[in-house]
Amino acid sequence: MTLDAIREKLHARERLSFEDGVTLFRHPDVVAVGQLANEVREGLHGDRTYFNRNMRIEVTNVCVASCLFCSFAKLEEGAPDAHTMKLQEAWSELEARLEDPPAEIHIVNGLHPGLPFSYYEELLAGFKRIKPDVHMKCFTAVEIHFFATHYGMTYLEVLQRLRRAGLDSLPGGGAEIFHPEVRSRIAHDKATADEYLEVHRVAHGIGMKTNATMLYGHIETFEHRVDHLIRLRTLQDETGGLQAFIPLAFHPDGNAMRNLLAPTAVDALRTVAVSRLLLHNVPHVKAYWVSMTPEVAQIALRFGADDLDGTIVHETIYRAAGSRSPSGLTVDHLVRLIQEAGRVPVERDTFYSVVREYPRAALPESAVKVRDRKANKHLEVLS
Ligand code: SF4
């Protein structure tokens, strides 16, 4: 199958096959693949590019699992650098930001064997007491599966109890690579692919929206990536509950796969593009700036991505794995990244309702960006 034949399929609104996906990943001209994805992206969203005001919190890095790519988890409470927040410590993160509060709190954690389930219920309820309209996007499908097995409940019971406490949606983490040839090697002791997908299916069944991810750029092949994307497309055919897909670049520092190289910028752009093309039924593809750096994420907005994620504030998982990205970005910075990519910034809520639409920038802007006018008086004449 050639790129022209794939283009014709897309114009005829035919879904792409497994072989098409592999052809796209293998195609040497990443810009041509990106242009196809950009057409699809503009057909869905025009120039609109989304972001939100969100905040990441990891309440515990204690974890019973031993994923090879993980630089975040500590195996036991009491191990050096192991940390589990007291509830008030977690809530204080929001209390400290009430002047410019996040619209969404995104919580993911290790699989802690020693906490009572009530810890998580109280955690959610406490955030809602502080800010009743904050959206709680918490606990990956891997965590929900762990809660179900550890506390002796079904997925439905776990989700219903957490929802009563304040849970609004699920993030997409924990998907890694679904194919057993890879998953059994890099993440053998946590939820399987089928269990991950079943948690999302059950969440969708009670009207809860979720996201999905794929950790790429380590030991997997392009065929494994396409298999992963098609499994998500099949789930979406069934439930329609996935809001966004987020490709996550593998980072090798501080983990058991540190002998591998991190994926390059071209691989990141190609993965965004092929994801957009294969997942025609998932509305949004994110360029997660933490994973791919703000600079590459900005370019990805022309390779099929329509969302930069958010302000984030406190990312620690990728930083532990050697990411050079900052741990948070301001709204002004996100708006500038989007405007200078020639797109229209749209601040959204978690369900992609518009909070504020910004104007398109008049390009090109001044070449000199003065960060602090007082500190750069000599530059003011140039700006
Ligand atoms: S990726 Fe998640 S489940 Fe795996 S070791 Fe790290 S914290 Fe635990």
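Restricted to region 57-96, and to residues there that are of a type in the set (Phe, Trp, Tyr) and either over 24 Å from the mean Cα position of the chain (by Cα) or within 14 Å of the ligand (Cβ to nearest atom) (or both), the residue that is nearest to residue 174 (Cα to Cα) is 69. Scoring residue 118 on the criteria (1) among the polar types (S, T, N, Q); (2) away from the ligand (no atom under 16 Å from the Cβ); (3) in contact (Cβ under 8 Å) with a residue 60 or more places away in the chain leaves a single failure, condition (3). Taking the residues in region 161-174 that are closer than 15 Å to residue 210 by Cα and part of a helix (DSSP H, G or I) as candidates, determine which candidate is farthest from the ligand (Cβ to nearest atom). Across region 161-174, the extreme among qualifying residues is 163.
The single condition among (1) surrounded by 15 or more Cβ atoms within 10 Å (Cβ to Cβ); (2) within 25 Å of residue 69 (Cβ to Cβ); (3) out of contact with any Cys (no Cβ under 8 Å at 6 or more places or on another chain) that residue 113 does not meet is (1). Scanning region 135-153 for residues that are away from the ligand (no atom under 16 Å from the Cβ) and either touching a helix residue (DSSP H, G or I) at 6+ places or on another chain (Cβ under 6 Å) or under 27 Å from residue 224 (Cα atoms) (or both) yields a count of 2.
Please determine, by comparing only the residues of region 178-199 that are part of a loop (DSSP other than H, G, I, E, B) and surrounded by fewer than 19 Cβ atoms within 10 Å (Cβ to Cβ), which one is farthest from the ligand (Cβ to nearest atom).
So the first thing to find is which residues in region 178-199 are part of a loop (DSSP other than H, G, I, E, B), and the list is 178-179, 187-192.
Filter once more, keeping what is surrounded by fewer than 19 Cβ atoms within 10 Å (Cβ to Cβ): 179, 188-189, 192.
On the way: 179: 17, 188: 10, 189: 8, 192: 13 Å.
Step by step, filter region 178-199, then rank; the result is 179.
Of all the residues in region 297-306, those that are within 16 Å of residue 33 (Cα to Cα), surrounded by 21 or more Cβ atoms within 10 Å (Cβ to Cβ) and of a type in the set (A, V, I, L, M) number 3. As a summary of the residue check, residue 64 satisfies the conditions (1) crowded, with 21+ Cβ neighbours inside 10 Å; (2) more than 19 Å from residue 289 (Cβ to Cβ) except for the one numbered (1).
Taken together, the values in this text are just the output of simple stated rules run on the coordinates, not laboratory data. Bear in mind the structure is a predicted one, so any value in this text is a computation, not a measurement. FYI the Cβ positions are ideal-geometry reconstructions off the backbone, even for glycines, and counts take in every protein chain you see.
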